[in-house]
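Take a look at the structure set out below.
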Amino acid sequence: MRLAFAALALSLSAVPALAQDLQFELINESSITLANLFVSPVSVDEWGNDIMAGTVLAPGESGLITVPGGMSVCEFDMRFVADNGNEVTGSADLCAMTSFTLSD
């Protein structure tokens, strides 16, 4: 019985921990309507999926953004796309903040 318990304990410790989602409030203090937000870890050369998922954020609005598994990375490149197609890029340690403000 002790051997079975030890084997179970070893197998459970080998299971990787699930990465926690990262959430922050995105505040749009700019003059553009945000249509898309793409993020990727700073170490990755390609953009991830649009995490706004069809939601738009007009000037003066804010919304809760979720980056799946983002707490294990923290530092992200971000690409904001306006409804007119213009783009703004930047980088931030999103784990160090509860909100991110985009302004002109």
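Read the figures in this text as sums done on the coordinates, not as results from a lab. Keep in mind it's a predicted model, so treat the numbers as computed, not measured. No Cβ is skipped: glycine too gets one built from the backbone with ideal geometry, and neighbour counts run over all protein chains shown.
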Quiz item: Could you list, in sequence order, the residues of segment 83-104 that are touching a residue at least 60 places away in the same chain (Cβ under 8 Å), in a loop (DSSP other than H, G, I, E, B) and under 16 Å from residue 57 (Cβ atoms)?
Solution: 104
Quiz item: Is it the case that segment 59-77 has a residue that's among the charged types (D, E, K, R), buried (at least 17 other Cβ atoms within 10 Å of the Cβ), in contact (Cβ under 8 Å) with a residue 12 or more places away in the chain and under 21 Å from residue 29 (Cβ atoms)?
Solution: yes
Practice problem: Taking residue 80 as meeting all but one of (1) surrounded by fewer than 16 Cβ atoms within 10 Å (Cβ to Cβ); (2) in contact with a strand residue (DSSP E or B) (Cβ under 6 Å, 6 or more places away or on another chain); (3) touching a residue at least 40 places away in the same chain (Cβ under 8 Å), write down the number of the exception. | Solution: (1)
Quiz item: Quick one: residue 31 ticks every box in (1) in a strand (DSSP E or B); (2) of a type in the set (Ser, Thr, Tyr); (3) loosely packed, with under 11 Cβ neighbours inside 10 Å bar one, so which box is it?
Solution: (1)
